[in-house]
Structure formats: structure tokens, C-alpha cells
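See structure below.
The values are calculated or read from the model by the stated rules, or taken from the named source; none is laboratory data. This structure is a prediction, so every number in the text was calculated from the model and none was measured. Neighbour counts run over all protein chains shown; Cβ positions are idealised from the backbone, glycine included. Surface accessibility is based on the protein's heavy atoms, side chains included, excluding ligands, DNA and RNA. Shrake-Rupley method; radii C 1.70, N 1.55, O 1.52, S 1.80 Å.
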Amino acid sequence: MVSHGSSPSLLEALSSDFLACKICLEQLRAPKTLPCLHTYCQDCLAQLADGGRVRCPECRETVPVPPEGVASFKTNFFVNGLLDLVKARACGDLRAGKPACALCPLVGGTSAGGPATARCLDCADDLCQACADGHRCTRQTHTHRVVDLVGYRAGWYDEEARERQAAQCPQHPGEALRFLCQPCSQLLCRECRLDPHLDHPCLPLAEAVRARRPGLEGLLAGVDNNLVELEAARRVEKEALARLREQAARVGTQVEEAAEGVLRALLAQKQEVLGQLRAHVEAAEEAARERLAELEGREQVARAAAAFARRVLSLGREAEILSLEGAIAQRLRQLQGCPWAPGPAPCLLPQLELHPGLLDKNCHLLRLSFEEQQPQKDGGKDRAGTQGGEESQSRREDEPKTERQGGVQPQAGDGAQTPKEEKAQTTREEGAQTLEEDRAQTPHEDGGPQPHRGGRPNKKKKFKGRLKSISREPSPALGPNLDGSGLLPRPIFYCSFPTRMPGDKRSPRITGLCPFGPREILVADEQNRALKRFSLNGDYKGTVPVPEGCSPCSVAALQSAVAFSAGARLYLINPDGEVQWRRALSLSQASHAVAALPSGDRVAVSVAGHVEVYNMEGSLATRFIPGGKASRGLRALVFLTTSPQGHFVGSDWQQNSVVICDGLGQVVGEYKGPGLHGCQPGSVSVDKKGYIFLTLREVNKVVILDPKGSLLGDFLTAYHGLEKPRVTTMVDGRYLVVSLSNGTIHVFRVRSPDS
């Protein structure tokens, strides 16, 4: 039997599930091979046959059933030979627990032979010592290979047995297949050779194999080439998907920044318009006050003159009236000549003019354009997804500036300004121009497309997208030399999977996550009272049993055990679910966060404002109060494995901050700034570089802090699919696992700045 470097050995083929039927999961019986080269039991195929066709359970290929039935499918003699070898090794005639000689009953006439000590590989018979000695002395069997039975059953002679093994004819029991009929491509024994294949050209099996092996090897080489091409295509597809996710994350950041820029511009316009309104009202009020003062003065003068004239006319004597008549008449004529009732001064009433785009449901300040990615040649790297949009100069000149692959596009109208003119515009004019240009590019109400700028047809497919979520407060400014410099870790989407399993009676409520072995996580599902195991790819690995009635809350994996909190107790169990010890905790705290120390032999738990550390035996190793303030309530703890001092990080709900302390309880860092958006800090995780990832559930964000607790900016937002993130953990120091309130888990690879 020829052995190839990449082919499995005979022992591996015998010990694996190669000889098991994938339908009944038992050892193959009457193995039949489909045209797709998958082998099943004949009876199993008969049960799958439907309407004259059979669908392969493995590759899903549908093949027609021969008119004679599934028995006409090719018999897999290769599997039959391996099955014969397995059966010969595993079983035989037994007497008192030992194999019996197959020749003694034929020679001596007894019903049972003596104990077998040898085996003939040619006859496939177990022999006693006497029959084995005689087997070597006959003319017909002196060339047979007789070996020790113990060594045979141990597998020492499997290869040799396969070489001497002969396939049996299914039509003539006891006859070995010796020939190949060339016209019929059928294996024949001596009986089959006589009739009906007597006149057909036939070849011995060895000669037929030598003639046909080159053709099969050539076909196999062709398939190997196809496999290489498929592997290359799969690699290219994965690279394209990775570029897509990376570009999507970049565009998501651009969307957030663009939206916040629009909000800032809109707020600036608001302040400007309100300032203009206040200035106009103040000027109008001042002018009105001056006019009112003048009118009041004229009114007083007229009233005084009229009152004097009435007194003289009513109380004066004739001589007195006549003596004052001239002066009174002159004064009254003078007053009558004045404009007593002038028209009101022109008052400009303010009116707010909203841009039509703000009221138009089809107006979008943000758009996405999609362009088909060009295939790469000679293994060249794709540049379309790199930051900065490295495109050829000719393409930059030909395409509109607003159209970049996968980028957020501010809308440009026909009357686009030069850079010098744009620089001279005020913030209000820029905002109005953006709305006007968006209005200009909005499709007509009758559904007709707008003409493209410059008369050139737009070959890109357009998709209008709305901003999914905007935080209630603008994100605070990043630290120095960090904004846009690429010094922050970046998220790369890895996979997403649900945690609800068929046996769950309720929707999952994930309250704890922790790494569990290589590339595996342990999920605490409090609602279903289970600790579930998943790979980073989302493959379900089973559960770690928990004591009856326990609803695990927070969980941490140690060297060879699992610690979790449930109610007011801390449990340590082995992977089989056996309780090693339990400790009572404070009843004044609803939940207790646990975290494993990097040594793997200690577990820390937050209890009523302080931190307790237990060893594997359940003894209290240390106990401290962060900063000496007993009012602190740490909800989530993560040990900084990259810190030489070994710091604890927790979410402090009493002070509404993130606190970092050493093993003695001294606070070495704390953050309670505007980056929390007024929310209570949630779950925290730390990567291998020491960066802290903090969950803000109310605003659907995960923000990032440096190892000293200073805010660096947003790491994940609603764009990345966050919907009320609940718990996070870090796997292998570079995979951030985030659980959502609906039981879904997102996995992101943390790309460090220096990678």
C-alpha cells in the first residue's frame, strides 16, 4: 500500500470515523459510494431515496438513483477491505475469552478448535500452534505468511495484511476478484470471467492499475491545482471582507465626526441668529424709547397751553381775556401747526426663514456611495481601503471631489465655490450652502433623476443613509496629539453570534463574561442559570455545570477552576461543576463583581465598598478599601496584566467615576469627566497595552482611557452595532468581547496603534 506524505496512515484510517456512516453514525454496512465520492450504508441510502433521487447529506449534491435501486451504486471495496481488517482484529471465534483455531474443527471433527496463537494473513484464519506449523508444510500454503496473533491484533501487521488481502466477489462467495473487464469497467473473479465476459478483453488487477494510475494521478493533480486556486480565492475574499470591515469602521467614525461637526455648525448658527435677534430688538427698543420721550414732551407742552387757555376763558374778565387773546391765539396756532400725530416709525419685525431642506424628508446631509472594488493582480495590496484614499491623480481629476470610495460625502451643488471663496464664508453661510446643495441634489418629486454635474453620467450606485445614533452630548476633545493621529487602538469587527441555545427556556440575560482557555469565552446567563462556553467564532462548546438553584452573575476563570458570584455568595467550582468552596458575601449589595488575578490562583470580589482577594483554598488573602472611602461601590473589576504594579480598575457608582488602584488600595488614577456623558460607568476591560475600555450603556458607546485613566475618545459607537452594551471582556489581550442586552455577542479585534 503506497503511503503519501499528506495522506493519512492506515492506523489513522482505522482509528478515525472514516469507517462510520454519517447517516446512522455506526460502522458501515454494505458500503455504497455516490458519484460525489461520499460513502454510506446501502440501507441508509435506501431510506434517503425520494422520487428516484438521493441528496448527499454532506455536500448536498442530488444524484439519480439507478433503475435497479441503491444497490446498483458502486460498492466501496476499499472501505470493505478496511472493515474486514477491523473485524478480523476485533472479533473472531471465542472460547473462554480467547480466539479459537479455524482449522481444528475441519481436521479433527470437533465443534470447537483449540486456542489460536497465530494467524495466516493470506487465508485470514486464526490458527493454533500445531495447525500453524502444519500450514507451513503443505505445497499450497507454504508461501503463506503466518504471524503471531498477539502482534497481529496489536496492529503490527496491518500494512502487510492489506497487501495480501483480496477483495471478494459479491456474486460468487469465496472467489477473489482478479480481473478487470475493460469494456465494462467491472471487476471479475474467475467465475465471472467465464461468462458473460468470456469474449471481453480483460486485464489482471495489477496490470490494470498500472495502466490507469497515471490518468487518475493527472486528474488528482488538476484538482490539487483547483484547491490552490480556491484557497487563494478564499484568502482574497477574506482580505476583501477585512478591508470592507475596516473601511466601514473608518466611515462610521467619519459619520460620527461629520454629524458632530454639523451639530456644532448648527449650534453656531443658532447662537448667531439669536445674537442678531437680540441686537435688532435692543436697537428697536432704544429708538422707540427716544420717540416716546419726544411725544411725551410735546404732549405735556400742549396740555399745559390748553389748560392755561381754558382757565383764562372760564375765570378771566373781559379785559383780561382780550389782553391775553393775542398771546394765547399765537401759541395755540403754533401748537396746531406741529405734527401731533406723526405716522409710526418703520418697525422691522423679525421672521425666521427655515431652509427648505430642513423640512424636506428627502434631504440628507450625509450620503454613502458604493463602488465596486477592483480585483488585485499579482498579489498587490488593495489601496482603496487605506486611510487617506490613495487613488491615482487622473482619477482624482476626473471624478467629483465628493465621490470617494466608501466615504461620507458632503453634498456639492452646481455653483461650487473655489477654496479661496469658501474660506471667506462665515459659519452660517457654510451651513446654508450645505443645505442648499443637498436640496439641489435631492431627486425630483416625480422620481426623475437629477442631471449629474458637468453632464457626466454618475456610474456609482447611490444609497442615502441616515445617522443611526447621536450621543446626547458631543464627545469631549481628545488628548493632545491624539485627534486624527492614528495613535488610538482601532476596532476591527471579527464576528457576532447569539447566545440563546435550544434548551433555554428564557431569553438570555448576560451578566458576566471572562476568557476560558485559548480563544474561548465563558458566558454567565443569569436568566437561564447557566455558564455557557463559546469559541471566539461563536461555536457552542457546552456548559460548565453550576449548583442547583444558582443564577451566576459575574464570572472569572482561574487555572483549573471557575469562580462566580450568585446572590450573596462567591463560589469556586471545577470544570465538572463540583463545588470546591463557597463564601458568604454582603447582603447590602445587589451584585458582586469578580475578577481573576493574572497568576490564575486568586480571585478578587467587590463587597460593600471594599475588595476581597481569596486564594484557591478559599482563604482571605487580602482586603482593602479603594482610597480609604468605604462608600465606594465597585461594580466591575479587571486586573491590569500589562502593568508592572498590578492595578485594579473598577466602575465606581458612588462617585460616578472610573477608579484605578493598586493592591494596597491606593488610588493611582480616576476619571469622572464629561466623557461619561452623565451616565453611570459600566463594565471595564483592559487590553495587553493597558488601555481601558469602558462601557456606557445609556448612550450605546464604549470609550477608551489610557492606563492612567485619562479619556482618549470613543472606541465603539452605535454604528458598530452596539445596542445597550451590558458586559465586556478581553480575550488574549486583543479581542474585545461585548454582550448586548438582547443576548447577542459582538467580537472586535483591537488593532494597536503600532501594528
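Treat region 492-749 as a sphere of radius equal to its Kirkwood radius over Cα pairs and apply Stokes-Einstein at 37 °C in a medium of 0.692 mPa s; give the translational diffusion coefficient in µm²/s, rounded to a whole number.
The Stokes-Einstein estimate is 183 µm²/s.
Could you please state how large a percent of the accessible area of region 128-280 is carbon and sulfur, counting protein chains only and using a 1.4 Å probe?
58
Please report, in debye to the nearest 20, how large the charge dipole of region 240-335 is about its Cα centre when each Lys and Arg carries +1 at its beta carbon and each Asp and Glu carries -1 there.
Using only the charged Cβ atoms, the result is roughly 160 debye.
Rank G275, Q334, G252 by how far each Cα sits towards the positive end of the charge dipole of region 240-335 (+1 on Lys, Arg Cβ; -1 on Asp, Glu Cβ) and give me just the farthest.
The Cα lying farthest towards the positive end belongs to Q334.
Report the extension gain between A240 and Q527 in nm, rounded to one decimal, defined as 0.36 nm multiplied by the number of residues separating them, less their alpha carbon distance.
99.4 nm
Enter the accessible area per residue of region 204-265 (Å², integer; probe 1.4 Å; all protein chains in place).
Counting only protein heavy atoms, the per-residue value for region 204-265 is 69 Å².
Starting from 0.36 nm per residue, how many nanometres of slack lie between E286 and L198 once their C-alpha separation is accounted for?
Separation in residues times 0.36 nm, less the Cα-Cα distance, equals 19.1 nm.
May I ask you to derive the relative contact order of region 479-610, considering only C-alpha pairs under 8 Å and at least 6 residues apart, and to give it as an integer percent?
15
What are the ³J(HN,Hα) values, in whole Hz, obtained from phi via the Karplus relation 6.51 cos²θ - 1.76 cosθ + 1.60 with θ = phi - 60°, for each residue of region 198-207 in sequence order, with x given for Gly and Pro?
4, 8, 8, x, 10, 10, x, 4, 4, 5
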